[in-house]
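Okay, structure first, notes after.
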Amino acid sequence: MGESAALLLPALKAIVGDANVLTAAADTAAFVTDWRDRYHGHARAVVRPGDTEEVAAVVRCCADNGVAVVPQGGNTGLCGGATPHVSGDEVVISLSRLNQVRAIDTDNATIVVDAGVPLTVVQEAAADAGMLFPLSLASEGSCMIGGNLSTNAGGTAVIRYGNARELVLGVEVVLADGRIWNGLRGLRKDNTGYDLKQLFLGSEGTLGIVTAAVLKLFPRPRTSATAWVGVTDVAAAVALLRALRDALGDRVTGFELISAECVALARERFPALPDALPGHPWYVLVQADDPAEHSPLRDQVEAALAAAIDDHVAADASLAQSDAQAAALWNLREHIPEAQRLEGPNIKHDISVPVSSIPAFLERARIALDAALPGVRYVVFGHLGDGNLHYNLSPPRDGDATRFMDLMAPANRIVYDLVAEFGGSFSAEHGIGQMKREELIRYKSPLEVELMRRVKRALDPNGVLNPGKVV
């Protein structure tokens, strides 16, 4: 095994310094529990390297000693992918000290950042350069770009800009044996064999540790319009999406579906949140952006919404009159997960189906779940524009939450079987982690699973990178 286990910690301290090898329970507690407080593990140590070379040296040291590593960014994942196992045999590698914006090239519309840079810092650096990095999600103040790339994060602007993997031109990766692959190429055309970076994007640290990336930048929006729209049902919301795309083209940046139950829950926990257009069963939060400073966008959005009301596609609409009003509407949307967390246990699903199939999926799922979970409450919201719903089930009010959570397995089976029937995915943007490994085996074809395992064995033959996650 090379150095004995007793010499592992001194060897790690020699690489990163004593202060950056944490072993006391009080110091490691925040690194061994996930954000949802669902997964709890232990670790031999939490190591905080300061640059890519130190990450490589730590991985090499652990590999030489047969010790597995768990890469971790902001620890905001929702599937336990960054939580070590309870055995305590693994070393957590925190990338939080890799926090430099290395370069911005406005002519090439790229930014090069370390993996530990918080997403908001990437956004701010782009804005300071007069440009836009469009990845946006509720945890952007605490999540880190390396974690976003390792889970192929989605967020609210996928309809226009795509998932995280579509925003990456190049990556720097530490491999399982400690070698460093420098793939930091800022090229939009590079037809020289396999696109290796895509292996590491979305792989949750199981194939390599992303330490830096070249990200795409876009023109900064100078004109924006945000609207809150009441609709009678989800089919109307789908029709509204089509109408706005016809009217505005790719300037539709966000299109969020929100149920009245979500609004009520969020406002119950956070009464200061707005209550725009009360009385509708469903709402859509729309954002459109244009890089042109004197764009007629707002007038075009208003006209498109008026036409939708005339055509009985929308029931009512309110266009935000200021940046503050727009921010308040987005604040309502972003507080739904926290409101549900505060309310107590619930059964969560991060699913996607073709946009056209969402109304039929919701109808059939409700019929099946009403029968299997009497009194179940539906907390449904998400990115309708790209077919991704957060389809969450809460226990009846004043019901037994523990008994309700005991029904998670049959509830999951109803939801995921139906998702599969509609040609959808049981994990749209949160990844696999520990939580959904069995679902991957169940719903992916045997050939897909075999190919994934072959890739894993090829890049990590000794299983030292985030074992027990994904495959």
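The values are calculated or read from the model by the stated rules, or taken from the named source; none is laboratory data. Because the structure is predicted, anything quoted here is derived from the model rather than measured. Ideal geometry is used to build each Cβ from the backbone, glycine not excepted, and the neighbour counts take in all protein chains shown.
Evaluate the stretch 278-285: report whether one residue or more is surrounded by fewer than 22 Cβ atoms within 10 Å (Cβ to Cβ) and not assigned by TED's automatic domain parsing to the domain that holds Ala317.
no
I'd like the full set of residues that are without any contact (Cβ under 8 Å) to a residue 40 or more places away in the chain and under 13 Å from Asp289 (Cα atoms), limited to the stretch 217-260.
Passing the criteria: Arg245, Gly249.
Within the stretch 43-111, which strands (runs of 3 or more DSSP E) (wholly inside it) include 1 or more residues that are at negative phi and touching a residue at least 60 places away in the same chain (Cβ under 8 Å)?
Correct list: 69-72, 91-94, 101-105.
Out of the residues in the stretch 14-38 meeting the condition of being at pLDDT 95 or above and part of a loop (DSSP other than H, G, I, E, B), tell me which one is nearest to Gly344 (Cα to Cα).
The selected residue is Val32.
Go through the stretch 424-442 and count every residue that is in contact (Cβ under 8 Å) with a residue 12 or more places away in the chain and β-branched (Val, Ile, Thr).
Selection size over the stretch 424-442: 1.
For the stretch 443-465, name all the residues that are under 13 Å from Ala63 (Cβ atoms) and part of a loop (DSSP other than H, G, I, E, B).
Asp460, Pro461, Asn462, Gly463, Val464
Each row is one residue, and each column tells you yes or no for (1) under 30 Å from Gly147 (Cβ atoms); (2) at pLDDT 95 or above; (3) surrounded by 13 or more Cβ atoms within 10 Å (Cβ to Cβ).
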site: Arg366; (1), (2), (3): no, yes, yes
site: Ala371; (1), (2), (3): no, yes, no
site: Phe381; (1), (2), (3): yes, yes, yes
site: Leu389; (1), (2), (3): yes, yes, yes
site: Arg397; (1), (2), (3): no, no, no
site: Thr402; (1), (2), (3): no, no, no
site: Arg413; (1), (2), (3): yes, yes, yes
site: Phe422; (1), (2), (3): yes, yes, yes
site: Phe426; (1), (2), (3): yes, yes, yes
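Can we say Val263 is part of a strand (DSSP E or B), more than 29 Å from Gly170 (Cα to Cα) and β-branched (Val, Ile, Thr)?
no
Filter the stretch 428-465 for residues that are loosely packed, with under 15 Cβ neighbours inside 10 Å and acidic (Asp, Glu) and give the result.
Hits for the stretch 428-465 are Glu438, Glu448, Glu450.
In the stretch 84-98, is there at least one residue being within 30 Å of Pro354 (Cα to Cα) and modelled with pLDDT of 95 or more?
Within the stretch 84-98, none of the residues are within 30 Å of Pro354 (Cα to Cα) and modelled with pLDDT of 95 or more.
So how many residues does the stretch 248-260 have that are in a strand (DSSP E or B) and closer than 20 Å to Leu135 by Cα?
Going through the stretch 248-260 one residue at a time, the tally reaches 6.
Of everything in the stretch 121-156, what is over 12 Å from the mean Cα position of the chain (by Cα), assigned to a loop (DSSP other than H, G, I, E, B) and touching a residue at least 40 places away in the same chain (Cβ under 8 Å)? Give them in sequence order.
Ala129, Gly130, Phe133, Pro134, Ser142
Gly423 versus (1) outside any helix (DSSP H, G or I); (2) closer than 21 Å to Ala264 by Cα; (3) within 25 Å of the chain's Cα centre (by Cα): which is the lone unmet condition?
(2)
Can you list residue pairs whose Cβ atoms sit under 8 Å apart, with the first residue in the stretch 264-276 being assigned by TED's automatic domain parsing to the domain that holds Gln321 and the second being among the β-branched types (Val, Ile, Thr) and not in a loop (DSSP other than H, G, I, E, B)? Count only pairs 6 or more apart in sequence or on different chains.
Leu265/Ile336; Leu265/Val379; Ala266/Ile336; Asp275/Val263
Quick one: which residue in Pro71, Pro10 is within 25 Å of the chain's Cα centre (by Cα) and not charged (D, E, K, R)?
Pro71
Against the definition (closer than 21 Å to Val112 by Cβ and surrounded by fewer than 19 Cβ atoms within 10 Å (Cβ to Cβ)), how does Phe200 come out, yes or no?
Here the answer is no, as Phe200 does not meet what is asked.
Here are Ala272, Ala260, Ala266, Ala239: which of them is surrounded by 17 or more Cβ atoms within 10 Å (Cβ to Cβ) and over 23 Å from the mean Cα position of the chain (by Cα)?
It is Ala239.
When the residues of the stretch 242-253 are narrowed to those that are of a type outside the set (A, V, I, L, M) and touching a helix residue (DSSP H, G or I) at 6+ places or on another chain (Cβ under 7 Å), which ends up surrounded by the fewest Cβ atoms within 10 Å (Cβ to Cβ)?
By that ranking, first place goes to Asp250.
Scan the stretch 161-170 and tell me whether some residue there is within 18 Å of the chain's Cα centre (by Cα) and part of a loop (DSSP other than H, G, I, E, B).
Checked against the condition, which is being within 18 Å of the chain's Cα centre (by Cα) and part of a loop (DSSP other than H, G, I, E, B), the stretch 161-170 yields at least one hit.
What do you reckon, is Ala225 at pLDDT 95 or above, over 23 Å from the mean Cα position of the chain (by Cα) and surrounded by 24 or more Cβ atoms within 10 Å (Cβ to Cβ)?
yes
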